[in-house]
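A.B. asks: My structure is below; once you've seen it, I'll send some questions.
The values are calculated or read from the model by the stated rules, or taken from the named source; none is laboratory data. These numbers were taken from a predicted model, which means no experiment stands behind them. With ideal geometry, Cβ positions are generated from the backbone for all residues, glycine too; neighbour counts draw on all protein chains shown.
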Amino acid sequence: MILRNVCVIGAGTMGGGIAAHLANLGFQVTLLDQTEEAVRRGAERLRTAKPPHFFLPERLHDVRLGTVAESGEWIGEAEWVIEAIIERPEAKKALYESLLPHLGDDAIITTNTSGLEIGLLADGLPESFRRRFLGAHFFNPPRYLKLLELIPTSETDPEITRKISQVCEADAGKRVVLAKDTPGFIANRYGMWCMYLAVHIAEKLQLTVEQADAITGPFLGRPKSGSFRLNDLVGLDVMDDIATNLMARCTEDPHVAVLARPKSLNFLLAKGALGEKVGQGYYRREGKELLAFDLVTHAYRQRQDVDLPGLNALAKRPLAERVRLALGQRDEVGEFLRLYLAPALRYAELLKEEISHSVQDFDRVMRWGFGWEMGPFEMIDAIGSASIGLSSPSHYIGGQYREFSGELVTPAADPQFLTLLDYPVIEQHENFRIRDLGDGVRAISIGTKMGTVTPDLVDELSRWLRLAAAGPLVLASEARAYSVGFDLKFFSDAIDLEDWDGIDRALAGLQTLGELLEARPTVAAVHGYVFGGGLEVAMSCTQVVADAEAQIGMPEAKVGLFPGGRGTTLMRLNNPQTAKRLAEVVGQLAQGITSTNAEHARTLGILRPGDIVSYHPDRLIYRAKQAALHLKGAEPRPAWTKIEGPVLGQVDAEIKALQTKGLLSGYDLSIAEKIRNILVKSDSYEAALARERSEFIDLCHRPHTVARIRHMLEQKTALKN
Ligand code: NAI
């Protein structure tokens, strides 16, 4: 790591989140606040945050906690001091003054301000401070949002900016955009304006919040939260603070009035309905239900289905085409977009030079920070500037972007952030492609829906592996998730046809595929869901590189089964072969436990000690390729060793204990018994594989399993029977 020791000041929403995020990634973190009480409250929030800030709850103990006044020594040790206290310039400046006697000579100081000008915050401080001070604006929650805006002032040493940018991209899991030192930088100045405009226009057209969210969500290539759910997630008070600051500071901006409080926002703020964090805002949680706020009556009501024919008719078309067509429609959707999207895109044109260094940076902020599929300039190019009443030349042409001077430039190559789809296809097969990752590494690029492992994929891939030239391989998936598991419909159909041989062949095929992968240097690059059959294949590779947020496990018990494609056997081989550990593995598989993240999967014994967790959300394929290049060859399969002691008794005691706790139902016990038989009663690897198949087929004969499979296929949820 370029630097390791970090001191975060302000243990509130952001400071706490940043501290936890950096602790997750291996930084040595100190978290300070003004008073003991504030520190205690901050730590408590960290412990209970939802979604959780930490990969593993015990990481909280790695964070040193204290007060600013009493932690001079810790402040002095820090290589990077991150200020995340209240958004008040006087308070921030007073804090910097108080830090001066303690700061290490080379320490870098950043502020997390959402929008105060960085230069003004540093005003009056000594030059030795100003040259190593800049804005580093994390987004909330820091663990989950990858954008980081870096805002150097005219006095920041460019070397310091370069160093902190490198720290953030290499070790802090972030994508960095350099922004100009103007109020709200890029994300809040533009993003907040768009959020306000959507509320004003929905109110004006008397649309429902559900309708506005449907128009401004996936239809526009944006997250499902659309506009009003997003407002709730950000927090209406946070929106109001940012907007108030922008209105005060951007008096020259002819469109700043959009940031005036819309009626509904005014009403909700007065009621203290600040959004998700208090359970109500534009939506209200009531038990499992979500009620919606009515923009006309200002009361909550049942959520309504969205019926916008103009939206449905276009939904399946490519993004740019549907947006262009919708803009021309004579209906609510067209009207909304003409009053919302067109002005928002024109506003981006107006602001671009004032707040950003390039259209590429501007677009990246909206893609990385707000999850938009296209940034405003990419969208203008795609729909044509004429459709929003402009006549600007294209911003992007053939991999180049246009600078504000009008010149086209080629962006710097970023090989570490290439995705699987960026690499050229060198072989096309029915269910997968072979891509050239360069330097002699090839990728098996699985192309099935959600990475589903089908018997066809297994056969095709096994045939290919038998003939494939030597050389390291990366196994990865083109889908949003690495794999949701083996094709359940296949088992359901085979059971209907009583095709037990077919099931046996499918399982044997999966086991053999694993052995073929195991026999050569292979790295599985996994992300998103890494379940069941997909995991069995990944576990067979020499090494797994797992995205930190991957959810990994074998949930087969939820459909009345257990891993029958070598997964059960590998869980014994990959774990210490002791009675205690085996008992835990049986319990885990019988409950169908999946991990909440990759570090958790390691504690469950699914990832092996040599497997790698990749902490950068955009560097999975790069890490996997590097890992593949470092492989010396295939690893020999661990030997099946005899377990000493009363293993059967220990496993049965574990099963009984889980039953007593209510974690295993009657039928789960039958599944647990089968897993136990494979792991404990087999006396060799080969015997275990044979038993996996026969016990699996035995379960397929049972009505409880059939009912669980049906339920999952039809209701998409697990049946407890
Ligand atoms: P917060 O109100 O949740 O936490 C602020 C913390 O700072 C409190 O624990 C408070 O006790 C402490 N504090 C106040 N004065 C202090 C001092 N002199 N010394 C030490 N600690 C002190 O605020 P939040 O939301 O975490 O915001 C912090 C900063 O991050 C602000 O500048 C804000 O604009 C910015 N920000 C906030 C985002 C958000 O979504 N909440 C997003 C991005 C940036």
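A.B. asks: Can we say LEU420 is under 25 Å from VAL484 (Cα atoms) and touching a strand residue (DSSP E or B) at 6+ places or on another chain (Cβ under 6 Å)?
C.D. replies: For LEU420, the condition - under 25 Å from VAL484 (Cα atoms) and touching a strand residue (DSSP E or B) at 6+ places or on another chain (Cβ under 6 Å) - is met.
A.B. asks: Of the conditions (1) in contact with a helix residue (DSSP H, G or I) (Cβ under 7 Å, 6 or more places away or on another chain); (2) closer than 24 Å to GLY528 by Cβ; (3) of a type outside the set (A, V, I, L, M), GLU460 clears all except one; give me its number.
C.D. replies: (1)
A.B. asks: Does ASP668 satisfy being at negative phi, surrounded by fewer than 18 Cβ atoms within 10 Å (Cβ to Cβ) and assigned to a helix (DSSP H, G or I)?
C.D. replies: no
A.B. asks: Let me ask another. As an exercise: evaluate SER477 against (1) in contact (Cβ under 8 Å) with a residue 60 or more places away in the chain; (2) surrounded by 21 or more Cβ atoms within 10 Å (Cβ to Cβ) and give the number of the one condition it does not meet.
C.D. replies: Going through the list (1) in contact (Cβ under 8 Å) with a residue 60 or more places away in the chain; (2) surrounded by 21 or more Cβ atoms within 10 Å (Cβ to Cβ), SER477 breaks only (1).
A.B. asks: Only one residue in LEU314, LEU345, LEU351, LEU337 is among the aliphatic types (A, V, I, L, M) and surrounded by fewer than 20 Cβ atoms within 10 Å (Cβ to Cβ). Which one?
C.D. replies: Result of the check over LEU314, LEU345, LEU351, LEU337: LEU314.
A.B. asks: Another question, then. Restricting the stretch 299-310 to residues that are modelled with pLDDT under 95 and not in a loop (DSSP other than H, G, I, E, B), which is surrounded by the fewest Cβ atoms within 10 Å (Cβ to Cβ)?
C.D. replies: In this case the residue turns out to be PRO309.
A.B. asks: Every residue in the stretch 28-44 that is surrounded by 15 or more Cβ atoms within 10 Å (Cβ to Cβ), of a type outside the set (Val, Ile, Thr) and not in a loop (DSSP other than H, G, I, E, B), please.
C.D. replies: GLN28, LEU31, LEU32, ASP33, ALA38, ARG41, GLY42, ALA43
A.B. asks: Could you identify the single residue in ASP232, ASP240 that is within 16 Å of the ligand (Cβ to nearest atom), in contact with a Lys or Arg (Cβ under 8 Å, 6 or more places away or on another chain), modelled with pLDDT of 95 or more and of a type in the set (D, E, K, R)?
C.D. replies: ASP240
Conditions tested, residue by residue: (1) within 15 Å of the ligand (Cβ to nearest atom); (2) at pLDDT 95 or above.
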site: LEU3; (1), (2): no, yes
site: THR13; (1), (2): yes, no
site: ALA20; (1), (2): yes, yes
site: GLN28; (1), (2): no, yes
site: GLU44; (1), (2): yes, yes
site: ALA49; (1), (2): yes, no
site: PRO52; (1), (2): no, yes
site: VAL63; (1), (2): yes, yes
site: VAL68; (1), (2): yes, yes
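A.B. asks: Based on this model, can you work out whether ASP232 counts as touching a residue at least 12 places away in the same chain (Cβ under 8 Å), of a type in the set (Asp, Glu) and surrounded by 24 or more Cβ atoms within 10 Å (Cβ to Cβ)?
C.D. replies: Against the criterion (touching a residue at least 12 places away in the same chain (Cβ under 8 Å), of a type in the set (Asp, Glu) and surrounded by 24 or more Cβ atoms within 10 Å (Cβ to Cβ)), ASP232 qualifies.
A.B. asks: State all residues of the stretch 62-79 that are more than 21 Å from ALA43 (Cβ to Cβ) and either out of contact with any Lys or Arg (no Cβ under 8 Å at 6 or more places or on another chain) or assigned to a helix (DSSP H, G or I) (or both); if no residue qualifies, say none.
C.D. replies: Matches in the stretch 62-79: GLY76 only.
A.B. asks: Answer yes or no as to whether ILE678 is under 30 Å from PRO521 (Cα atoms), touching a helix residue (DSSP H, G or I) at 6+ places or on another chain (Cβ under 7 Å), β-branched (Val, Ile, Thr) and assigned to a helix (DSSP H, G or I).
C.D. replies: Against the criterion (under 30 Å from PRO521 (Cα atoms), touching a helix residue (DSSP H, G or I) at 6+ places or on another chain (Cβ under 7 Å), β-branched (Val, Ile, Thr) and assigned to a helix (DSSP H, G or I)), ILE678 qualifies.
A.B. asks: Taking ASP381 and the conditions (1) at pLDDT 95 or above; (2) out of contact with any Ser or Thr (no Cβ under 9 Å at 6 or more places or on another chain); (3) closer than 16 Å to ALA348 by Cα, which numbered condition does it fall short on, given that it satisfies the others?
C.D. replies: Every condition holds for ASP381 apart from (2).
A.B. asks: Still on this structure: Report, by residue number, each residue of the stretch 254-265 that is of a type outside the set (Ser, Thr, Tyr) and surrounded by 13 or more Cβ atoms within 10 Å (Cβ to Cβ).
C.D. replies: HIS255, VAL256, VAL258, LEU259, ALA260, ARG261, PRO262, LYS263, LEU265 - these are the residues of the stretch 254-265 that are of a type outside the set (Ser, Thr, Tyr) and surrounded by 13 or more Cβ atoms within 10 Å (Cβ to Cβ).
A.B. asks: Contact list please: Cβ distance under 9 Å, first residue in the stretch 85-108 and farther than 11 Å from PHE129 by Cα and free of Cβ contacts under 8 Å to residues at least 12 places away in the same chain, second residue in a loop (DSSP other than H, G, I, E, B) and within 14 Å of the ligand (Cβ to nearest atom), pairs at least six apart or on different chains.
C.D. replies: ARG88/LEU116; ALA91/ILE85
A.B. asks: State all residues of the stretch 70-123 that are near the ligand (Cβ under 10 Å from one of its atoms), of a type in the set (D, E, K, R) and touching a strand residue (DSSP E or B) at 6+ places or on another chain (Cβ under 9 Å); if no residue qualifies, say none.
C.D. replies: Passing the criteria: GLU83, LYS92.
A.B. asks: Another question, if that's okay. For a quick check of your reading: which helices (runs of 4 or more DSSP H) sit entirely within the stretch 316-434 and have at least 1 residues that are of a type in the set (Gly, Ala, Ser), out of contact with any Lys or Arg (no Cβ under 6 Å at 6 or more places or on another chain) and touching a residue at least 12 places away in the same chain (Cβ under 8 Å)?
C.D. replies: In the stretch 316-434, 319-327, 332-355, 376-383 are the helices (runs of 4 or more DSSP H) which contain 1 or more residues that are of a type in the set (Gly, Ala, Ser), out of contact with any Lys or Arg (no Cβ under 6 Å at 6 or more places or on another chain) and touching a residue at least 12 places away in the same chain (Cβ under 8 Å).
A.B. asks: Filter the stretch 173-219 for residues that are among the hydrophobic types (A, V, I, L, M, F, W, C) and not in a helix (DSSP H, G or I); which is surrounded by the most Cβ atoms within 10 Å (Cβ to Cβ)?
C.D. replies: The residue in question is ILE186.
A.B. asks: Quick one: in the stretch 274-298, which of the residues that are among the small types (Gly, Ala, Ser) and in a loop (DSSP other than H, G, I, E, B) is surrounded by the most Cβ atoms within 10 Å (Cβ to Cβ)?
C.D. replies: Among those that are among the small types (Gly, Ala, Ser) and in a loop (DSSP other than H, G, I, E, B), it is GLY281.
A.B. asks: Check whether at least one residue in the stretch 124-136 is under 23 Å from GLU90 (Cβ atoms), within 13 Å of the ligand (Cβ to nearest atom), surrounded by 21 or more Cβ atoms within 10 Å (Cβ to Cβ) and at pLDDT 95 or above, and report yes or no.
C.D. replies: yes
A.B. asks: If you take just the helices (runs of 4 or more DSSP H) that sit entirely in the stretch 485-570, which of them hold at least 1 residues that are out of contact with any helix residue (DSSP H, G or I) (no Cβ under 8 Å at 6 or more places or on another chain) and closer than 21 Å to LEU465 by Cα?
C.D. replies: Of the helices (runs of 4 or more DSSP H) lying wholly inside the stretch 485-570, those with at least 1 residues that are out of contact with any helix residue (DSSP H, G or I) (no Cβ under 8 Å at 6 or more places or on another chain) and closer than 21 Å to LEU465 by Cα span 500-518, 532-539.
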